[in-house]
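Structure record follows, encoded as structure tokens.
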Amino acid sequence: MDAQARLAEAVPARVLAVCTTLEAAGYEAVIVGGCVRDVILGRNPKDWDVATSAHPDEVLKLFRHTIATGLQHGTVTVVTGKGKETHVEVTTFRGEGAYSDARRPDQVTFGVPLVEDLARRDLTVNAIAYDAAKQLIVDPFGGIADIEAKKLRAVGTAVDRFTEDGLRVMRAVRFAAQLEFDLEPDTEASIAPALPSLSKVSRERVCDELRKLLEARQPSRGLAPAVRTGIIANILPELSIPDVDEWLARIERAPVEVRLAAMMLPLRDGKRTADILKALKFSNQEAELASVLVEYANVELEDDRPPTVRRMFADIAKPKRRAAIALWTAMPRPELAKVASEVIGDPLDTGDLAVKGKDIMTALAIEPGPQVGRILEVLLERVLENPALNTREKLITEAQRLELELPL
């Protein structure tokens with residue numbers, strides 16, 4: 001099936017209805033951007049975007065249910081039903097002025113032709129439009145040919161596109177990973193001169209792009225050019241990567257939930273990892289997980305015997321233990337990962353013991369106090385050495401012996 005046939009079949013009725021309403025009122029309306037690209041690639045678009053010659057005020061009048069998403073930039077969300085999946089974003093054809101903040105145009109001009117609207121977009125694969133009424137593809141910059149060649153190429157002059165909006169360099173490497181395309185040489189070469197613009201972009205937006213990149217099936221497709229062009233040095237200047245090939249391979253081997261830690265492993269410092277990731281606006285939960293995993297990634301143990309691994313594992317919070325195994329597997333530390341997988345179900349915390357504090361107090365006829373906690377800690381140490389001791393009867397017997405041995 002060719003691109004035109006795929007698009008004709010894929011456009012949802014609600015999106016077609018929005019275009020039809022605009023055209024019936026005398027305006028041009030086309031489907032644009034990532035949804036067109038994804039359909040051509042045989043993927044299911046998450047969102048559908050429409051571009052129109054109608055002014056935002058005219059769009060608001062034409063549809064009963066709308067959200068004024070970004071009127072200053074010409075965007076109105078048309079609500080076609082219940083749920084966010086029924087929303088269709090409608091944006092007026094626009095030209096743009098200079099980008100003094102390297103993120104948003106200083107001024108927007110409505111009423112430009114469609115081709116000029118497409119010319120302001122970042123990559124050719126994102127600058128394709130589809131006129132559903134005429135079943136006509138508008139592809140002035142060769143985006144379909146680039147999709148077929150699995151190539152990412154900037155629209156127009158690459159340096160200009162990247163310098164205008166510093167986030168575009170992050171989008172370029174993110175799309176390289178997500179689409180598994182290669183950056184066209186001139187497009188890649190134009191990233192480094194635009195890095196001062198990237199420095200002006202909010203860390204939240206940078207974080208969002210990096211997170212999406214790491215979630216791709218092959219993150220190395222985006223991380224490799226990000227290293228080559230200086231993007232990683234720009235956003236993570238503290239990260240010195242001694243062996244880029246091994247770094248990329250480790251991230252690729254890691255499951256998605258531990259890739260952030262795999263990326264930060266060269267730091268070898270959990271606290272610095274957390275501080276850096278929080279500054280980059282990763283969530284506290286993401287930063288803390290990466291921090292713990294980095295801290296224990298290269299932990300040196302006397303041996304890989306189960307009791308030794310249990311003692312080390314006991315220091316890692318229960319929700320993070322499987323993630324630690326996943327990272328050790330990806331590093332790889334196969335023996336540690338193997339033993340950890342075998343002992344993860346063993347009692348590793350005082351809460352896992354077959355007795356509780358009240359059991360100890362009853363059996364020993366003692367009052368609540370620090371000694372109860374001390375006994376439980378000693379019992380845990382013995383169970384870490386030999387999990388078979390973790391029965392109520394055996395632990396009570398051990399506690400009674402401890403009453404004689406410990407200065408309570």
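A single member of E300, E246, E238 is within 20 Å of C207 (Cβ to Cβ) and acidic (D, E), and it is E238.
Can you tell me which residue in the range 62-101 is modelled with the lowest pLDDT, limited to those that are in contact with a Lys or Arg (Cβ under 8 Å, 6 or more places away or on another chain) and of a type in the set (D, E, K, R)? For the range 62-101, the residue satisfying everything is D101. Counted as qualifying within the range 259-350 are the helices (runs of 4 or more DSSP H) with 1 or more residues that are among the basic types (K, R), namely 259-264, 270-279, 306-314, 321-330, 334-343.
Between D208, D275, the distinction of being without any contact (Cβ under 8 Å) to a residue 60 or more places away in the chain, surrounded by fewer than 22 Cβ atoms within 10 Å (Cβ to Cβ), among the charged types (D, E, K, R) and farther than 27 Å from N298 by Cβ belongs to D208 only. Determine if the range 138-149 includes at least one residue that is modelled with pLDDT under 90 and surrounded by fewer than 17 Cβ atoms within 10 Å (Cβ to Cβ). Checked the range 138-149: no residue is modelled with pLDDT under 90 and surrounded by fewer than 17 Cβ atoms within 10 Å (Cβ to Cβ).
In the range 357-384, the residue that is farthest from the chain's Cα centre (by Cα) out of those that are of a type in the set (A, V, I, L, M, F, W, C) and surrounded by 18 or more Cβ atoms within 10 Å (Cβ to Cβ) is I360. Among the residues here, L248 qualifies as among the hydrophobic types (A, V, I, L, M, F, W, C), surrounded by 14 or more Cβ atoms within 10 Å (Cβ to Cβ) and assigned to a helix (DSSP H, G or I).
Being touching a Gly at 6+ places or on another chain (Cβ under 9 Å) and either without any contact (Cβ under 8 Å) to a residue 40 or more places away in the chain or over 26 Å from F110 (Cα atoms) (or both): is that true of R6 here? For R6, the condition - touching a Gly at 6+ places or on another chain (Cβ under 9 Å) and either without any contact (Cβ under 8 Å) to a residue 40 or more places away in the chain or over 26 Å from F110 (Cα atoms) (or both) - is met.
Would you say V173 is part of a helix (DSSP H, G or I), within 23 Å of the chain's Cα centre (by Cα), modelled with pLDDT of 95 or more and not assigned by TED's automatic domain parsing to the domain that holds V50? Here the answer is yes, as V173 does meet what is asked.
Table: residues versus (1) of a type outside the set (F, W, Y); (2) touching a strand residue (DSSP E or B) at 6+ places or on another chain (Cβ under 9 Å); (3) outside the structural domain of L183 (by TED's automatic domain parsing).
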{"residue": "A216", "(1), (2), (3)": "yes, no, no"}
{"residue": "R221", "(1), (2), (3)": "yes, yes, no"}
{"residue": "I231", "(1), (2), (3)": "yes, no, no"}
{"residue": "R272", "(1), (2), (3)": "yes, no, yes"}
{"residue": "D275", "(1), (2), (3)": "yes, no, yes"}
{"residue": "K278", "(1), (2), (3)": "yes, no, yes"}
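In the range 229-240, the count of residues that are more than 20 Å from M331 (Cβ to Cβ), of a type in the set (A, V, I, L, M), touching a residue at least 40 places away in the same chain (Cβ under 8 Å) and touching a Leu at 6+ places or on another chain (Cβ under 6 Å) is zero. Within the range 292-310, if we keep just the residues that are touching a helix residue (DSSP H, G or I) at 6+ places or on another chain (Cβ under 7 Å) and modelled with pLDDT under 95, the residue that is surrounded by the fewest Cβ atoms within 10 Å (Cβ to Cβ) turns out to be E302.
The values are calculated or read from the model by the stated rules, or taken from the named source; none is laboratory data. The structure presented is a predicted model; accordingly, all values stated were derived computationally and were not measured. Reconstructed Cβ throughout: ideal geometry from the backbone, glycine too, with neighbour counts over all protein chains shown.
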